[in-house]
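For reference, the structure is listed below as structure tokens.
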Amino acid sequence: MPAVLARPSINPAGVLAVTAASMQGWAFYNDQNGTACVVIDRCRMTEGPTSTPLGTGSAELATPATSDGTALILIDYNATRFDQITNLRYSTYRQSADAGNNLAIALQFNVDYDLDDKVETYQGRVVFEPYQSGETVVQGEWQDWDARSGKWWGTRSSVPKSGVSALNPCVQASPCTWPQLLAAFPNVGVHRSYGAVILKAGSGWGGFRGNVDKLVIAVGGIATTFDFEARAAASVPSLPPDSLPLWIYADSNIIDGGDALAGRLAKSALVVAFDEGTPTADRTAAVAKVGGVVVGGVRADTAEGFYYVRPLNGETVDQLVAAADSVSTMPGVVLAVPALLGSLELDYRRPDDGQGKSIWRVNPDSADGDNWALERIAAPLAWGCSIGNPVTKIAVVDVGFHAVADLTPNVYGTPRYSAPAPGTGHGTSVASIIGAKGNNGFGMAGVMWDANLRLFERARTSHEDSLHLSNLATDILRLNAAVAGGARVINLSGHADAIPATSAGQKTVEYQRKMLRWVVRLKNGSPSAPLFVFSAGNDSRDAYYNGYPAIEQDYPNRVLVVAAAAATGSGLESSSNYGPRVKIAAPGERLQAISELGVVSAGFKRTSGAA
């Protein structure tokens, strides 16, 4: 017996996507006359039908008339001995009706009954059809066939063997098992010159329409899996991207779990993790199983982490659960679950912070009453994704803070706590909305109630001394300390007064920009550069006139200018800044904040700027 050929195929080992744009050597044929099949309704790559065995698509063949014969053919595997084939499987789906439940796309090879003789003439094909093995072909259902466990027959009754013509015992009237075929023809294999793998419908199958997918051919234990798809699957990186997808922060694609997820909420995506060392081809195949696209991921220090995958169909919870179940069956996958709001271990984290403050609405469109501010910034949705962590540092540079019980547990260091009047400090209000401690039975819960807060009291200026650089320099030093301390978000309340359009005013603007550039010069453009959130102030003007005015032009991807939204309607507060530099509006009145006594306070009916 010849040595086992390591890779007799033109295609590599692993899962290989065969698409209309990249056929990988396959071609559609009119098998009756040996010409290309170009009639799309008879020969095509298509989506579906239903849950395909691999990916989201399949190859479709149809034979409207009994004289039709259509095929998908790969010219390959020449001289591969059948006794070297260690796995041979494929899946079919029949769309059309068949009274006998017999018809399914057949698997065939152009055969050489004796690869050791010198006969090179065409010798017909050997054919596998599921019904020949006693199988029932069900309409409207994908079925997997192990061809090596079934029966085969040859299209010719007399075939070459040892250089002479011999009777073929394995014909359609008396098909042979795989071992019987090998016993009758020990050197049988794919034809040396006319080698081909054929997936065929017809002839004599009038009105047939069916699909085929996931053809596995293994030679010497090395397998190629052909995944027939309408379109190419998105490539999956060998490690998860270390970035979070934007849809985590959007409320537009939240799925109510209902009975399937026991009342949980989920995003329309999956969390998928693989064994370390899983080949890229297997990762791609797993994601392609549901027509998925990798939209983000979390990379761990001691393990791979996981991918966020958006499946082709994930608009309902049933589709999402089905997609997770489908991906879970793929090689190398150790985890495939819906991307639940909240961790995999915990239910949706609804804070319990006292009477009247524990009934948070999930839909921000339903916001009303005293809770409207936290509803408007989608705090309940944020809690479903994350409650923050002490590693992520958030700096608040504002006009003073109160040492309140809900705030101090999350404050790093010993900031200077002060405020112009008890219970009304804007700094306290802003810091509380960001990181007030949640789930402690009183007060309120911040958007990130486990945040690591860095509080810096900024220099106070008035219109008269706004041109004095001493106060500006103090502010800059506060910002420098925040950046040097590793703050990822810096919330800064802008000057309350406008900078006059004078030469001295313009000089102040120039110095402001130069000094702030100096603060961020080492960080800008790097993954660790902070996000600056500028509250737009209270001068009712274009945001350009606010403190640190055009800094978003210097760092367009690192600056967010926030105006103050009114509690009713869709407009801004009368005191809020406006203009093209304002990028978002946050609640600016009736903010629920905590007083210096650590109890719920409604004292911030009207605040200075946006939170």
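The values are calculated or read from the model by the stated rules, or taken from the named source; none is laboratory data. Everything quoted here is computed from the prediction, not taken from an experiment. In this analysis, Cβ positions are derived from the backbone assuming ideal geometry, glycine residues included, and neighbour counts consider all displayed protein chains. For the accessible areas, the whole protein counts, side chains as well, though only heavy atoms, and no ligand, DNA or RNA atoms are used. Shrake-Rupley method; radii C 1.70, N 1.55, O 1.52, S 1.80 Å.
Below are the figures for this structure:
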quantity	calculated
Residue match in the stretch 79-86 (condition: touching a Gly at 6+ places or on another chain (Cβ under 7 Å), among the basic types (K, R) and either surrounded by fewer than 19 Cβ atoms within 10 Å (Cβ to Cβ) or in contact (Cβ under 8 Å) with a residue 40 or more places away in the chain (or both))	yes
Matching residues, the stretch 91-113, being open to solvent by 10 Å² or more (accessible area, probe 1.4 Å) and either among the charged types (D, E, K, R) or under 26 Å from G48 (Cα atoms) (or both)	Y93, Q95, S96, A97, D98, A99, G100, N101, N102, L103, Q108
Some residue of the stretch 76-97 being acidic (D, E), at pLDDT 95 or above, more than 29 Å from A36 (Cβ to Cβ) and not in a loop (DSSP other than H, G, I, E, B)	yes
Residues of the stretch 138-197 that turn out to be among the small types (G, A, S), more than 46 Å from the chain's Cα centre (by Cα), more than 25 Å from V219 (Cα to Cα) and modelled with pLDDT of 95 or more, as a count	6
The stretch 47-64 - residue that is out of contact with any Pro (no Cβ under 8 Å at 6 or more places or on another chain) and modelled with pLDDT of 95 or more and, of those, surrounded by the fewest Cβ atoms within 10 Å (Cβ to Cβ)	P64
Count of residues meeting criterion [of a type in the set (S, T, Y), open to solvent by 10 Å² or more (accessible area, probe 1.4 Å) and part of a strand (DSSP E or B)] in the stretch 190-233	1
Any hit, the stretch 151-163, residues being buried (at least 20 other Cβ atoms within 10 Å of the Cβ), in a loop (DSSP other than H, G, I, E, B) and free of Cβ contacts under 8 Å to residues at least 60 places away in the same chain	no
Residues of the stretch 114-138 that turn out to be β-branched (V, I, T) and either buried (at least 22 other Cβ atoms within 10 Å of the Cβ) or in a strand (DSSP E or B) (or both), as a count	2
Residue within the stretch 376-387 that is of a type in the set (V, I, T), modelled with pLDDT of 70 or more and within 28 Å of P245 (Cβ to Cβ) present	yes
Condition check for V137: under 23 Å from G204 (Cβ atoms) and free of Cβ contacts under 8 Å to residues at least 24 places away in the same chain	no
Failed criterion for L341 (all others in (1) modelled with pLDDT of 75 or more; (2) crowded, with 20+ Cβ neighbours inside 10 Å hold)	(1)
Scan of the stretch 11-43 for residues that are at negative phi and either free of Cβ contacts under 8 Å to residues at least 24 places away in the same chain or of a type in the set (V, I, T) (or both), ordered by number	V15, V18, T19, M23, N33, T35, A36, V38, V39, I40, D41
Selected residue [among the small types (G, A, S), over 21 Å from I254 (Cα atoms), surrounded by 16 or more Cβ atoms within 10 Å (Cβ to Cβ) and at pLDDT below 85] from G314, G305	G305
Complete set of residues in the stretch 6-45 that are under 17 Å from G202 (Cα atoms), open to solvent by less than 50 Å² (accessible area, probe 1.4 Å) and part of a loop (DSSP other than H, G, I, E, B)	D31, C37
